[in-house]
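Following: one structure in structure tokens, then a few remarks.
The values are calculated or read from the model by the stated rules, or taken from the named source; none is laboratory data. Bear in mind that the values here come from a model prediction, so they are computed numbers and not experimental data. Neighbour counts are summed over all protein chains in view; Cβ atoms, including those assigned to glycine, are modelled from backbone coordinates with ideal geometry. The accessibility values were calculated without ligands, DNA or RNA, using every heavy atom of the protein model including side chains. Shrake-Rupley method; radii C 1.70, N 1.55, O 1.52, S 1.80 Å.
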Amino acid sequence: MATIKDIAEKVGVSPTTVSRVLNADPTLSVSKKVRTQVTETAAELNYEIRGVKHRTAGKSEATYSHLDEIVILQGLTDEQELADPYYVGLRLGIERACRAVGLSVHVHYSNEDRGLKPSAKTGFVVVGHHDEATLQPILKQASSLVFVGAEYEKYDLDVVCHDLSNSMRKLLTGLADAGYEKFGFIGGRYDASDPEAIETGERLSAFKEWLVAHDLFDKELVRQEGKTPQNGYQLTCDLLDQDKRPDVIVAATDSLAIGAYMALKEAGKQISDDIAVAAFNDIPAARHLVPPLTTVKLPAELIGKTAVELLQERAEGRITTKRVILGSEIIWRESCRKPGE
């Protein structure tokens, strides 16, 4: 397992700085460059320790002769991406898959001018939510395009995404087996036109559906607003500032869970013993929190590899649309009891 010391040595900063960056310490004053290096290095080392090694184009087992380049259209700004390491990992997974087969890759964030001039050999990976005005020019230009992380049902185009509903059901089943009965939820307010609310809707819908079916749902234990650690802090404070409190908080993302940790510790609550926390994504910081965070691992590296494979198939002439839904793995750590305990 990559440690904070490993990350610090590679970036050239202190372990304390790495820890504070990964834990989204709001009092830390470092440059955007350092934050980016720490976040990306943490993700890269995580890939390597899981056995997914870097390959160069010269050592690639296959070349994608039907494509020259891949353009990643990120639904977030560069600052928003940096604030959520999951999306950094998602981008790195796509970039690594491209490099492995000798494809150049370019990233365009939502705050950048998108005066793109793609060729017939340009493939597009559309990450997250985009408004109609942004998508239409791309749809007209692209011969190969895949949506990542968000389904656009009205377009008959390829999609690769996570099975978030089933992942939520598995997580809740495990938490119930561990004896939890009062389930809180913190997440973003879902709106397809708002990049700040990516994917939260599906998680909340599954959360509510499962708990209603088991007669455990309490709307007073649900809070929604944004997706940053600061949002997670405030939402958890709101949950604690009432007589009815959860015995476990399910956060839509690890970044929100980091904020929940801050609020719980500030309130003098012991995480796991008093109120447990579980989340989604398994960003590098999750295993370095105290206590380490239970989270649903959504494999960014596999998303990237699958997206590039779908693009190549399209470029080679595949007509039938593919929708690839990836499963997940729950990483049980000390932030809550495990099933059966």
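V277 falls short on exactly one of the conditions (1) of a type in the set (V, I, T); (2) part of a loop (DSSP other than H, G, I, E, B); (3) open to solvent by less than 20 Å² (accessible area, probe 1.4 Å), and that condition is (2). Taken over segment 4-42, the residue count meeting the criterion of being surrounded by 14 or more Cβ atoms within 10 Å (Cβ to Cβ), more than 19 Å from Y87 (Cβ to Cβ) and of a type in the set (V, I, T) is 6. As for segment 34-44, it holds at least one residue that is in a helix (DSSP H, G or I) and modelled with pLDDT under 75. Please verify whether segment 318-338 includes one or more residues that are at pLDDT below 95, open to solvent by less than 10 Å² (accessible area, probe 1.4 Å) and of a type in the set (A, V, I, L, M, F, W, C). Looking for residues that are at pLDDT below 95, open to solvent by less than 10 Å² (accessible area, probe 1.4 Å) and of a type in the set (A, V, I, L, M, F, W, C), one finds none in segment 318-338, hence no.
Taken over segment 69-84, the criterion of being free of Cβ contacts under 8 Å to residues at least 60 places away in the same chain and closer than 13 Å to G149 by Cα is satisfied by I72, Q74. Inside segment 221-236, can you point out the residues that are modelled with pLDDT of 95 or more and open to solvent by 80 Å² or more (accessible area, probe 1.4 Å)? Within segment 221-236, just Q234 meets the criteria.
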